[in-house]
1. What is the gain in length, in nm to one decimal, between Asn25 and Leu47 on full extension, counting 0.36 nm per residue of separation less the C-alpha to C-alpha distance?
2. Given Gln30, Met5, Gly69, which one lies farthest toward the positive end of the charge dipole of the stretch 1-78, if we put +1 on the Cβ of every Lys and Arg and -1 on the Cβ of every Asp and Glu?
3. Nothing charged except the Cβ atoms of Lys and Arg (+1) and of Asp and Glu (-1): what's the magnitude of the dipole of the stretch 1-111 about its Cα centre? Round to the nearest 20 debye.
4. In terms of solvent-accessible area of protein heavy atoms at a 1.4 angstrom probe, what is the ranking of Tyr6, Tyr109, highest value first?
5. What ranking do 53-66, 17-30, 34-47 get when scored by the average of other Cβ atoms within 10 Å per residue, highest first?
6. Could you please state how large a percent of the accessible area of the stretch 1-90 is carbon and sulfur, counting protein chains only and using a 1.4 Å probe?
7. Between Arg73 and Leu55, what is the spin-label point distance in nm, taking each point 7 Å from the Cα along the Cα→C-beta axis?
8. Amide H of Tyr109: which non-local residues (sequence gap of 5 or more, or other chain) have their own amide H closer than 5 Å, using H built in the peptide plane?
Amino acid sequence: ITDIMYSSCLAVGSVASPRDSGIENAFGNQATCRAQAFFVLFGHAGLYFNATLVLSYLLTIRYRVTEKGLATRWETWMHAASVGIPLTASCVALGLGLVGPSGGGQTCYLVRNSQQCEADDPGCRDKSVPVDNF
């Protein structure tokens, strides 16, 4: 499901960006941009889920954890992490106002908060912030 949401947001592209953002093909508003950024960020849940699958294979093959042991000891934490981390990141980014039209113009995503911009850097609001710096 998260892969479908993520792919849909990427397919929409810059259309969700606010009209006044100066981005080509922008027909949206702040609400559509924030929604797109939320779903793009939450779409990373697919990556986390794949990582938990790899971890379950590692535990099963290398450390010989049984299916019952995996289900009782690890599975809850794996599901919580694969959904909880991207959901938390999405909610925090929206709450702190860290989402908007990205500098690349492809989607709305993480951007510098306008309060963090320096007065001598007029293009600050247009620069994207990498996810690992979030």
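1. Gain in length upon complete extension: 5.0 nm.
2. The residue sitting most towards the positive pole is Gly69.
3. 380 debye
4. Result, largest first: Tyr6, Tyr109.
5. Ranking, from highest mean packing down: 34-47, 17-30, 53-66.
6. That share works out to 64 percent.
7. Using points 7 Å along Cα→Cβ, the separation is 1.4 nm.
8. Gly100, Ser102
The values are calculated or read from the model by the stated rules, or taken from the named source; none is laboratory data. Every value quoted in this text rests on a predicted model; they were computed, and no experiment measured them. Neighbour counts are summed over all protein chains in view; Cβ atoms, including those assigned to glycine, are modelled from backbone coordinates with ideal geometry. We work out accessible area using only protein heavy atoms, side chains counted, and drop any ligands, DNA or RNA first. Shrake-Rupley method; radii C 1.70, N 1.55, O 1.52, S 1.80 Å.
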